[in-house]
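The structure appears below as structure tokens.
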Amino acid sequence: MRRKFIAGNWKMNGSLAANAILLNGLKAEIGRPACAVAVCVPAPYLAQCREELTGSPVAWGGQDVSVHESGAYTGEVSGAMLADFGSRYVIVGHSERRTYHGESNELVAQKTVSALKAGLIPIVCVGESLAEREAGRTDAVVGAQIDAVLSMLDVGDVGKIVIAYEPVWAIGTGKTATPQMAQDVHAMLRSRLAMKNADAAETVQILYGGSMKPDNARDLLAMPDIDGGLIGGAALKAADFLAIIKAA
Ligand code: PGA
């Protein structure tokens, strides 16, 4: 049985004051969750997460990682730096980075490797645009995204990643994939994993992301291949995030 995993993606939101309210709200109410929980935060707030969350059931991590280990790469943050602040996870290949920062499938694959080298668990994001879905290209697009990553991984490392299927048209739009639409893509992703490492395919958590909210989480999480959620907007309010954690 795969343990469910609910991860928050704060994106470029937060302040010391607002984060303190959010994190204290989480800590006060989370109890002993049945699922794994994490927040992925802007890099300047990793120290605050370490301070506030150490000893709690909530892990933390970054939202991007450099492919380089160190050196003259202004503005980049290395995997070792994320790990230095106690990060357990890092998001790689979010569609906002693919779209606004031109990240290719190959770069996302390199970032996945870079995260693993630093001992982090990469949350690898994949997903199709609305035009791609309407053209019947979902499996081709998402399949190519995951295959690029798998082609760069050692067989033994396949089980060390988390995947997040995030249809681009559902992110921040209030539109959600139906549970069956998401399940179909998750099953396809798991079969791609199985081609590389059948045992790992059974254990890798595949999250759904894209307007997951307290009122739709339960139905999505009931699908056999949906192992959790990557939550944007609803992760910024303790009550909403906690309700999704409860649903899991
Ligand atoms: P959303 O974002 O929940 O606000 O749609 C999800 C994500 O982009 O990770």
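The values are calculated or read from the model by the stated rules, or taken from the named source; none is laboratory data. None of the values given here were measured: they were computed from a predicted structure. Cβ sites come from the backbone with ideal geometry, for glycine too, and all protein chains shown count toward neighbours. The area values use the complete protein model at the heavy-atom level, side chains included, leaving out ligands, DNA and RNA. Shrake-Rupley method; radii C 1.70, N 1.55, O 1.52, S 1.80 Å.
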Using alpha carbon centroids, what distance separates the range 12-28 and the range 202-248, in Å? 19 Å
Might you tell me the accessible area per residue for the chain, computed with a 1.4 Å probe and given in Å²? 44 Å²
Expected unfolding gain across H101-A34 under the 0.36 nm per residue rule, minus the alpha-carbon gap, is 20.5 nm
Please identify every one of the GluC sites (Glu not before Pro) in the range 25-133 that sits in a loop by DSSP and has no more than 15 other beta carbons within 10 Å of its own beta carbon. E69, E76
Calculate the spin-label point distance for T178 paired with T54, positioning each point 7 Å from the Cα along the beta-carbon direction, and give it in nanometres. 4.9 nm
How many percent of the accessible area of the chain is carbon or sulfur, using a 1.4 Å probe? 53 percent
Can you show me the helix-derived [θ] at 222 nm for the chain, built from DSSP H runs with n ≥ 4 at -39,500 (n - 2.57) apiece and divided by the number of residues, rounded to the nearest 500. -13000 deg cm²/dmol
Within the under-12-Å Cβ sphere about H68, not counting H68, Lys/Arg +1 and Asp/Glu -1 give a net charge of 0
